[in-house]
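Okay, so here's the structure we're looking at.
The values are calculated or read from the model by the stated rules, or taken from the named source; none is laboratory data. Not measured: the values here are computed from a predicted model. Quick reminder, even Gly has a Cβ in these numbers, built from the backbone with ideal geometry, and neighbours come from all protein chains shown. These accessible areas exclude ligands, DNA and RNA; they are computed on the full protein's heavy atoms, side chains included. Shrake-Rupley method; radii C 1.70, N 1.55, O 1.52, S 1.80 Å.
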Amino acid sequence: MNQPFSLPKTYDFASVEEKIYAHWEASGYFKPSNDPRSPDHDPSRRPFVISIPPPNVTGELHLGHAMFVAMEDLMIRYHRMKGVPTLWVPGTDHAGIATQLQVEKALAREGLSREQLGREEFLRRTWAWKEKYGGIITRQIRRLGASCDWSRERFTLDEGLSRAVREAFVRLYEKGLIYRGPRMINWSPGLKTAVSDLEVEYSEEPGTLYFFKYVLADNPQEYIPVATTRPETILGDTAVAVHPEDDRYRAYVGRKVLVPILNRPIPVIADEYVDREFGTGALKITPAHDPNDYQIALRHNLEMINILTPDAAINENGGPYQGLDRFECRKRMWEDMRAAGLVIKEQPYTLNVPRSQRGGEIVEPMISTQWFVRIQPLARAALEAVREGRIKIVPERFTKVYYNWLENIEDWCISRQLWWGHRIPVWYCDECGEITVSRDDPTHCAHCQSSHIHQDEDVLDTWFSSGLWPFSTLGWPEDTPDLRYFYPTSVLETGYDILFFWVARMIMFGLEFTGKPPFHTVYLHGLIRDEQGQKMSKTKGNVIDPLEVMDEMGTDALRFTLLVGSTPGNDMNLSLKKVEANRNFANKVWNAGRFVLGALAQAPAQAQAAPQWTLADSWIWARLQQLLRDVERLFTNYQYGEAGRQIYDFFWSEFADWYVEIAKLQLAEGGDRAFYTAQTLLRVLDASLRLLHPFTPFVTEELWGHLKRAAQEKGEAFSPKGGWEEALIIARWPEAQPVEGWEEQKIADFNLIQEVIRAIRNLRTEKKVTPGKRIPATIVAGEKLTVFQQQAAAIAALAYLQPDHLTMLANLPEKPENQIAIVVAGIEIYLPLADLVNVEAERARLQNELAEVEKQIERLRGLLASPFAEKAPPPVVEKERQKLATFEETAARLRDQLQNL
RNA sequence: GGGCGGAUAGCUCAGUAGGUUAGAGCACAUCCCUUACAAGGAUGGGGUCGCAGGUUCGAGUCCUGUUCCGCCCA
């Protein structure tokens, strides 16, 4: 009988979480129902599918992961509970640059470089590294409660996905959508690889604008003043451009100027691109090291001179500066030009410096031979899919961002000069020079049959394989049962920061390779910042480690905080205070559960007669039904946070604060009252746990297990319709019953009782009457007398009154003397606190209240006399009339009492 | 330069069916260890919802303009 108290007073998440997760996984609950590989599979049932945003295989958990796991697990658990066949495909990403850097760093500690090891050995080491660290992130994701089907876990470099990458590359190549050639790209000198436009970030930094002379080749006395932010690029200049209508320089067009120091003659050209207002109005053109200059050079057929080596030193084209680092060269060259009398002036200037997203080094625009995807045709299809509504982006405002990017997209540089990744499936023939592009490793050139072929050294951008993720993980290019049934997936959930990197590319590739949008909805969450809204970073030292948070406050607390504290697409500031509050919530749920278990233990196992519901029973039931409807509506609109808040509020401020308190009295009555109270407690708690489960899976599962066991021991009468499911994770999602018509009145009546109780408590506090001191009271309830009489016990208990000295009346013509009076919603309450009555203080208090009420009366009379009465919908007007009537009643009572003083 | 978001209580934020006295958590004040829970309970103080217009019977919520902060793209 002491069963509930065998549960600890405080919810002990540390002893629960691991055990529960292991149980779920071992029981196969993460696997989809209606599995297409099983014989009784029904292909007509539509599944709900999410592909996980694959984290870096050797990475470690951060709050971004915690966020997407919480969101996606919520969606998955909700659909699973609704009975939908549900699949969440997990996996990891090889993360080319990041992983390679980790391994290179480790090698450096041994005094080794990857070049010393050679490609093969380096890859062997990297795989070993992956084996060693690859399990960490997935274990951490499990720790968050992720209910993904680990039997379907994939890795971007595993065999199937590598085949998908080959297939995709070859198909694009065959369609003419992949080409190789020299183009302007972003070069990362530290990593010695090309990176895509997206991997470059621009930061405003103080710098210098250098003004100098471009002397005319045929007359050293004349010069064109030119300004630049990067003097070293002068070495690669192949023209000076001026605006065709610029009178200052018109005469020079067609003549030649001399490159400083090198004295190489280059033409002066006219181009409309030149901004006459900027600098001197004359622009030096370095086609090989500036994207805009590159465009101009193409138009004018200018020579392109590369002046940099792969590690951004000056190459043989730099004459005397060959071998110098780019920044050293800048300094030296400027000094030399000053000595040569070519310097005009320097001026402070804010630069827009292109930096590598990874590592932050300054990237150099450079012409380089790389592989590109001709993106226009893919982008067009991806645009249409969203425009036509085949894919919906939540929140909607990001569709505009998506359009804007795709409408202005440039070809995608997909080759990387790295070793860790999918090697480009292209072989060059040493004899005929032709290339062979193949799904399988060829042994002979496809053109001349020579066996002297060698594979392209480069690997593909990691995002190339990520772009195939929703279908490659399901078996594509094979036509597998999984692919047939689970593709297209349902929702793609991720942070808005990778909308272009990943989401847009998946849409392009999905449409291109499968002919279908890879998902129907994109849900974007915001970024997580610290309490002050600062980006978390190691240098700032404001990083919150989700693992530590889970250790201290439990997974449920962290999940609930992330889910309820955020709104779609908006950044959230995470504070540990909030997590703490939600840990307290989990504890509240736990303790409410302990109470219900106790109630169950002491209640009769059977009813003797049909139920006679109390006001509190009806009220909590009606409120639960409203909650179910609201939550359903909010979930449908992806407003998970708001749904969570509403469940929280219902559970704490209605169920726990009010219903449980009244239930204690009802249980004490024994008999049928106790039976039906226990039943209501059980039902409401059961429904609440089901609603909460997608948010806080651990505490709800654990508690629900105890609840189920206790109810089963008690017998049939405490079973839900359809019986108890095996586990909460696969239990039915609660659905609201149709409205029966009585609900509103019961809710209104209960609210009135609450108001009266609060008013009495309020006055007691004001008069410093401690709860321990039970006092008599008289309540004059008018037409609500019956309601109040029925609630006498509850009112007495919750307002700390003497139950046998609680008088309920319809009217009280003779106002009692020496009593403190309160009026709330037209109800009069008298408390015989004679010794505390101070006539003057009472008068002041009553007058204050009267003034407040009269203000409201005036407001409402004005409102009802305005066009509001005709134009607003009748129910709204009626509501206001009711309010007015109540206020008027209250005012009348207050006046009586003032007179009576 | 273009686009987007934010501005609501001391702090961090909700408020996405426009409905008429604006909510939560934390913090603060007073009281209470009443056998579900002190990680709790009761009560209270605290906001002209950035600013200016407009639409509407009614605006924190819709429209226009504007200021400040932040982000994305060029």
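Of all residues in the range A:586-618 being within 35 Å of the chain's Cα centre (by Cα) and over 26 Å from residue A:746 (Cα atoms), which is most open to solvent (accessible area, probe 1.4 Å)?
A:588
Quick check on this structure: which one of A:284, A:345 is open to solvent by less than 20 Å² (accessible area, probe 1.4 Å), in a strand (DSSP E or B), closer than 16 Å to residue A:227 by Cα and modelled with pLDDT of 85 or more? So that I can check it myself, show each step before the final result.
Details: A:345 fails: open to solvent by less than 20 Å² (accessible area, probe 1.4 Å).
That would be A:284, the only listed residue that is open to solvent by less than 20 Å² (accessible area, probe 1.4 Å), in a strand (DSSP E or B), closer than 16 Å to residue A:227 by Cα and modelled with pLDDT of 85 or more.
Please state which one of A:413, A:429 is within 16 Å of RNA strand B (Cβ to nearest atom) and in contact with a strand residue (DSSP E or B) (Cβ under 6 Å, 6 or more places away or on another chain).
Matching residue, one of A:413, A:429: A:413.
What are the pairs, 6+ residues apart or on separate chains, where a residue within the range A:162-183 that is closer than 15 Å to residue A:514 by Cβ has its Cβ under 7 Å from a residue that is part of a loop (DSSP other than H, G, I, E, B) and of a type in the set (Phe, Trp, Tyr)?
Sorted first by the residue in the range A:162-183, then by its partner, the pairs are A:164/A:476.
Across the range A:1-28, what is the number of residues that are modelled with pLDDT of 95 or more and within 13 Å of RNA strand B (Cβ to nearest atom)?
Total satisfying the criteria: 0.
Checking the conditions here, which among A:375, A:391, A:362 is among the β-branched types (Val, Ile, Thr), open to solvent by 20 Å² or more (accessible area, probe 1.4 Å) and within 30 Å of residue A:503 (Cα to Cα)?
Details: A:375 fails: open to solvent by 20 Å² or more (accessible area, probe 1.4 Å); A:391 fails: open to solvent by 20 Å² or more (accessible area, probe 1.4 Å).
After ruling out the rest, the residue left standing is A:362.
Does the range A:599-616 contain at least one residue that is more than 8 Å from RNA strand B (Cβ to nearest atom), in contact with a Ser or Thr (Cβ under 6 Å, 6 or more places away or on another chain) and closer than 27 Å to residue A:7 by Cα?
Of the range A:599-616, the ones more than 8 Å from RNA strand B (Cβ to nearest atom) are A:599-616.
Remaining after also requiring in contact with a Ser or Thr (Cβ under 6 Å, 6 or more places away or on another chain): none.
The answer is no; no qualifying residue exists.
Determine the pairs where a residue that is more than 18 Å from residue A:684 (Cα to Cα) and among the basic types (Lys, Arg), located within the range A:735-762, has a partner that is open to solvent by 50 Å² or more (accessible area, probe 1.4 Å) and assigned to a helix (DSSP H, G or I) with Cβ atoms under 7 Å apart, the partner being 6 or more residues away or on another chain.
Filtered contacts from the range A:735-762: no entries.
If you take the residues of the range A:29-57 that are within 31 Å of the chain's Cα centre (by Cα) and open to solvent by 60 Å² or more (accessible area, probe 1.4 Å), which of them is farthest from RNA strand B (Cβ to nearest atom)? Explain how you work it out, then say what you get.
Of the range A:29-57, the ones within 31 Å of the chain's Cα centre (by Cα) are A:29-36, A:45-57.
Checking the rest, the ones that are also open to solvent by 60 Å² or more (accessible area, probe 1.4 Å) come to A:31, A:45-46.
Working: A:31: 33, A:45: 29, A:46: 25 Å.
So the residue we want is A:31.
Can you name every residue in the range A:452-491 that is touching a Pro at 6+ places or on another chain (Cβ under 9 Å) and among the hydroxyl-bearing types (Ser, Thr, Tyr)?
A:466, A:473, A:480, A:485, A:487, A:489, A:490, listed by residue number.
Which condition does residue A:238 not pass, out of (1) of a type outside the set (D, E, K, R); (2) modelled with pLDDT of 85 or more; (3) out of contact with any strand residue (DSSP E or B) (no Cβ under 6 Å at 6 or more places or on another chain); (4) farther than 16 Å from residue A:210 by Cβ, if it passes all the others?
All conditions are met except number (3).
Looking for something outside any loop (DSSP other than H, G, I, E, B) and under 29 Å from residue A:524 (Cα atoms) - is there at least one such residue anywhere in the range A:26-45?
Restricting attention to the range A:26-45, the residues satisfying the condition of being outside any loop (DSSP other than H, G, I, E, B) are A:26.
Pick out the ones that are also under 29 Å from residue A:524 (Cα atoms) and you get none.
Checked against the condition, which is being outside any loop (DSSP other than H, G, I, E, B) and under 29 Å from residue A:524 (Cα atoms), the range A:26-45 yields no hits at all.
Hey, which of the helices (runs of 4 or more DSSP H) in the range A:95-194, taking only ones fully inside, have at least 2 residues that are modelled with pLDDT of 85 or more and surrounded by fewer than 14 Cβ atoms within 10 Å (Cβ to Cβ)? Don't jump to the end; show me each part of the working.
Numbers: elements: A:96-109, A:114-117, A:119-143, A:159-174.
So the answer is A:96-109, A:119-143, A:159-174.
Could you count how many residues in the range A:546-572 are more than 20 Å from residue A:638 (Cα to Cα) and open to solvent by 10 Å² or more (accessible area, probe 1.4 Å)?
The total comes to 5.
Restricting to strands (runs of 3 or more DSSP E) lying wholly in the range A:431-518: which have 2 or more residues that are open to solvent by less than 10 Å² (accessible area, probe 1.4 Å) and either more than 19 Å from residue A:94 (Cβ to Cβ) or of a type outside the set (Lys, Arg) (or both)? Spell out how you get there, then give the answer.
Numbers: elements: A:435-437, A:453-455, A:491-495.
Of the strands (runs of 3 or more DSSP E) lying wholly inside the range A:431-518, those with at least 2 residues that are open to solvent by less than 10 Å² (accessible area, probe 1.4 Å) and either more than 19 Å from residue A:94 (Cβ to Cβ) or of a type outside the set (Lys, Arg) (or both) span A:491-495.
Taking the range A:520-535 as the search range and keeping residues that are away from RNA strand B (no atom under 13 Å from the Cβ) and open to solvent by less than 50 Å² (accessible area, probe 1.4 Å), which one is nearest to residue A:65 (Cα to Cα)? Even if it seems obvious, please write down each step before you answer.
Restricting attention to the range A:520-535, the residues satisfying the condition of being away from RNA strand B (no atom under 13 Å from the Cβ) are A:520-522.
Subsequent filtering for residues that are open to solvent by less than 50 Å² (accessible area, probe 1.4 Å) retains A:521-522.
Details: A:521: 20, A:522: 17 Å.
Selected residue: A:522.
List the number of the failed condition for residue A:640; all other conditions in (1) within 13 Å of RNA strand B (Cβ to nearest atom); (2) more than 24 Å from the chain's Cα centre (by Cα); (3) crowded, with 20+ Cβ neighbours inside 10 Å hold.
Evaluating residue A:640 over (1) within 13 Å of RNA strand B (Cβ to nearest atom); (2) more than 24 Å from the chain's Cα centre (by Cα); (3) crowded, with 20+ Cβ neighbours inside 10 Å leaves (2) as the failure.
Quick check on this structure: which one of A:355, A:332 is among the basic types (Lys, Arg), part of a strand (DSSP E or B), closer than 29 Å to residue A:286 by Cα and open to solvent by 40 Å² or more (accessible area, probe 1.4 Å)?
Within the list A:355, A:332, the selection yields A:355.
So residue A:503 fits all but one of (1) out of contact with any strand residue (DSSP E or B) (no Cβ under 9 Å at 6 or more places or on another chain); (2) modelled with pLDDT of 90 or more; what number is the exception?
It is condition (1) that residue A:503 fails.
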